[in-house]
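Let me begin by presenting the structure, written as structure tokens, before commenting on it.
The values are calculated or read from the model by the stated rules, or taken from the named source; none is laboratory data. All values derive from a computational prediction rather than experimental measurement. Using ideal geometry, Cβ is built from the backbone for each residue, glycine included, and neighbour counts are taken over all protein chains shown. Surface areas here come from the heavy atoms of the whole protein model, side chains and all, with no ligands, DNA or RNA. Shrake-Rupley method; radii C 1.70, N 1.55, O 1.52, S 1.80 Å.
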Amino acid sequence: MSVFRRELADRQPDASGRRWLFVPYDQLSDAVGPLSREDPNELGIVLVENLWKPKRRPYHRQKLALVLASLRHFALEQAARGVAVRHVSGDAPYAKLLEPVARELGPLRVMEPAERELRADLAPLVRKKLLEVVPHEGWLTTQEQFEEAFAGGRAWRMDAFYRLVRQQSGILMRNGKPLGGKYSFDADNRKSWSGKPPAPKPPRFPLDPVKEEVAKLVESVFSAHPGRLDPDDLPATASDAKRAWRFAKRHCMELFGPYEDAMSRRSRTLFHTKVSALLNNLRLLPATVVGDVAAMKLPLSSQEGFIRQVLGWREFMHHVHVATDGFRRLPDGSEPPVAPAPGDAGYGRWSGKKWRGGRAVARIDGGAAPSALEAGEPLPAAFWGEASGLGCLDQVVSDVWETGYGHHITRLMVLSNLGTLLGVSPRQLTDWFWVAYTDAYDWVVEPNVLGMGTFGLGELFVTKPYVSGAAYIDRMSDYCAECAFSPKKDCPITSLYWSFLDRNQQQLTGNPRVAMPLRSLAKRPAARRDHDRRVTEWVRDTLAAGKALRPEDRPEE
Ligand SMILES: Cc1cc2nc3c(=O)[nH]c(=O)nc-3n(C[C@H](O)[C@H](O)[C@H](O)COP(=O)(O)OP(=O)(O)OC[C@H]3O[C@@H](n4cnc5c(N)ncnc54)[C@H](O)[C@@H]3O)c2cc1C
Ligand code: SF4
């Protein structure tokens, strides 16, 4: 018998006469919903350990271990509180695994799943009245607030939503006015980092027999999946989550704002909190982190900067996901194409590994596949760890496969930037982000990549494509110092940037935020534009062949 099963059996209370809840893998909290209010001695929870979901995509091993270890620890914690636990294991859609359980125990309740994939999977049980969906109490804002912010057909913009939410919640407000006289201090938060002040070292978490067992299981069952599994970096228990948050408050928050956009080889995390995976599985509540930070004595640029991320961006992304049904239905009535089956972003092809996914399953498709700029190139092997010769890309990719983590600017201005400049399919890039990061779930990864990272949805909720040449990366990071290319002389990313503008000129004309770069493009001599195109072809062909770029192979000007 496994350590986990033995421990659960030891703690398991009498299960008779209980009301039962289904608790999905990303709702591991007893501080919201029925678990927070109802007598634990009258409640039971059903937890599903499902091999079928992780087999659908080549998820990072660290992510699989975090999900599984968190679920098991939550089961043990709830059993210790007196809640009965039905732990179901299987290899089939959730609806299939839960139906016999609901028939035996009586109809289950569930807080509305955040992920569309899970909502779609559970729909038949809801129709059969075997599952009742109750509101998800983990969000800080409502869909009505989102609609109110954009009443009258106003364009979806995060800052308008955030302003309304600040006003209505009173967070960082005094006498109806924002603290410090403005709602955003973003403009103050663009410092690069020289190595000083020193960045804190992220915490490690105590290893225990349950985590060890999960790590072994993942290493054997999912041995063909990518990524390094680090058992000491699994914040899976309630006390690990508290420890992670204590660390973030004590060591990250003071300088969170100013260095928010900096990137460095010497610190993957800088002053970022690394709490997204814990917020997204509810081990930490958004209400707790926002409340705590609002109550702290901090420089306003850091305090507001952090609160905007959680109360603003995180909530906004969730509402965009809900309002578009995961981008299946856009506000103008259009319906982007949908990928027929979950994609592996080329993992099988590049790795040569026979991971077990890719099966098409009724009801579960591969997600919306919009591409406003008609980008459709396959993702290069460089994203799976083949050296590209581009120092920034290779560093960030290796960090992700080492840890399952990367902060916002590395995701936006290195990975998405490169993907967008190369014209990679937004869906493929999204599939890659989904499997690579421990905090990725459809509701958050799709808006961030399809919408923000790649401009795949045009101006639906961002004002411009987030693209840059080498100058930005050089200014905000120390990556260029160790690169074979020089940001001022021969970095191919600058040519990629100009040829991106050239190629997409027609679609971008009329966008006021791109007007200046387009004017600069118009002034660029024809010979240089031709050179940009040739460099782009060289980069695409070399990376498509899984090879590394070398300065000496760069096309002559
Ligand atoms: C291309 C791209 C893909 C992304 N994919 C994901 C994803 O799959 N899952 C995810 O949680 N975040 C995603 N983000 C948002 C953001 O990068 C991460 O939330 C953040 O880097 C997590 O690290 P942290 O906890 O140290 O964040 P911090 O910098 O410490 O920020 C604090 C918190 O703010 C929230 N937050 C900040 N920005 C966003 C945002 N745009 N969307 C949602 N929450 C936000 C997160 O919960 C984060 O923990 C993505 C961003 C981009 C540009
Ligand atoms: S020189 Fe170019 S490729 Fe190299 S790290 Fe800098 S931006 Fe990246």
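Things to note:
- Scanning the stretch 51-89 for residues that are at pLDDT below 95 and part of a strand (DSSP E or B) yields no hits at all.
- Scan the stretch 315-341 for residues that are open to solvent by 10 Å² or more (accessible area, probe 1.4 Å) and either assigned to a loop (DSSP other than H, G, I, E, B) or basic (Lys, Arg) (or both) and the total you get is 14.
- Subset of the stretch 218-233 that is among the aliphatic types (A, V, I, L, M) and not in a loop (DSSP other than H, G, I, E, B) - its residue that is least open to solvent (accessible area, probe 1.4 Å): VAL218
- Per the listing SER468, SER398, the residue uniquely open to solvent by less than 20 Å² (accessible area, probe 1.4 Å) and within 15 Å of ligand 2 (Cβ to nearest atom) is SER468.
- Some residue of the stretch 511-534 being within 18 Å of PRO370 (Cβ to Cβ) and either of a type in the set (D, E, K, R) or open to solvent by less than 60 Å² (accessible area, probe 1.4 Å) (or both): yes
- Annotation note: of ALA248, ALA236, ALA215, ALA277, the sole residue that is touching a helix residue (DSSP H, G or I) at 6+ places or on another chain (Cβ under 6 Å), buried (at least 20 other Cβ atoms within 10 Å of the Cβ) and either assigned to a helix (DSSP H, G or I) or of a type in the set (Ser, Thr, Tyr) (or both) is ALA215.
- Considering the stretch 466-512, the qualifying helices (runs of 4 or more DSSP H), each wholly inside and each with 3 or more residues that are away from ligand 1 (no atom under 16 Å from the Cβ) and hydrophobic (A, V, I, L, M, F, W, C), run over 492-503.
- Residue check, LEU255 in contact with an Asp or Glu (Cβ under 7 Å, 6 or more places away or on another chain) and either open to solvent by 10 Å² or more (accessible area, probe 1.4 Å) or part of a helix (DSSP H, G or I) (or both): no
- Residue within the stretch 447-461 that is within 16 Å of ligand 2 (Cβ to nearest atom), open to solvent by 10 Å² or more (accessible area, probe 1.4 Å) and among the aliphatic types (A, V, I, L, M) present: no
- Any hit, the stretch 415-426, residues being of a type in the set (Val, Ile, Thr) and either buried (at least 20 other Cβ atoms within 10 Å of the Cβ) or within 13 Å of ligand 2 (Cβ to nearest atom) (or both): yes
- Just one of the listed residues (HIS73, HIS87) is under 28 Å from the mean Cα position of the chain (by Cα), under 16 Å from LEU21 (Cα atoms) and touching a residue at least 12 places away in the same chain (Cβ under 8 Å), namely HIS87.
- Any hit, the stretch 500-507, residues being within 29 Å of LEU457 (Cα to Cα), within 16 Å of ligand 2 (Cβ to nearest atom) and not β-branched (Val, Ile, Thr): yes
- Members of the stretch 284-304 found to be within 12 Å of ligand 1 (Cβ to nearest atom) and either in contact with a His (Cβ under 9 Å, 6 or more places away or on another chain) or not small (Gly, Ala, Ser) (or both), listed by number: LEU284, LEU285, PRO286, VAL289, VAL290, VAL293
- Boolean, GLY305 is in a loop (DSSP other than H, G, I, E, B), crowded, with 18+ Cβ neighbours inside 10 Å and at pLDDT 95 or above: no
- Lone qualifier among THR324, THR420, THR430 - being within 16 Å of ligand 1 (Cβ to nearest atom), closer than 24 Å to PRO54 by Cα and of a type in the set (S, T, N, Q): THR430
- ASP439 open to solvent by 10 Å² or more (accessible area, probe 1.4 Å), charged (D, E, K, R), out of contact with any His (no Cβ under 8 Å at 6 or more places or on another chain) and more than 14 Å from ligand 2 (Cβ to nearest atom): yes
- For beta carbons closer than 8 Å, sequence separation of 6+ or different chains, a first residue in the stretch 1-27 that is under 29 Å from TYR441 (Cβ atoms) and a second that is open to solvent by 50 Å² or more (accessible area, probe 1.4 Å) and of a type in the set (Lys, Arg), the qualifying pairs are TRP20/ARG86.
- Exclusive hit being buried (at least 20 other Cβ atoms within 10 Å of the Cβ) and of a type in the set (Gly, Ala, Ser), set GLY312, GLY291: GLY312
- Summed over the stretch 174-205, residues that are open to solvent by 70 Å² or more (accessible area, probe 1.4 Å), in contact (Cβ under 8 Å) with a residue 12 or more places away in the chain and in a loop (DSSP other than H, G, I, E, B) total 3.
- Verdict on LEU28 being part of a loop (DSSP other than H, G, I, E, B) and either of a type outside the set (Val, Ile, Thr) or at positive phi (or both): yes
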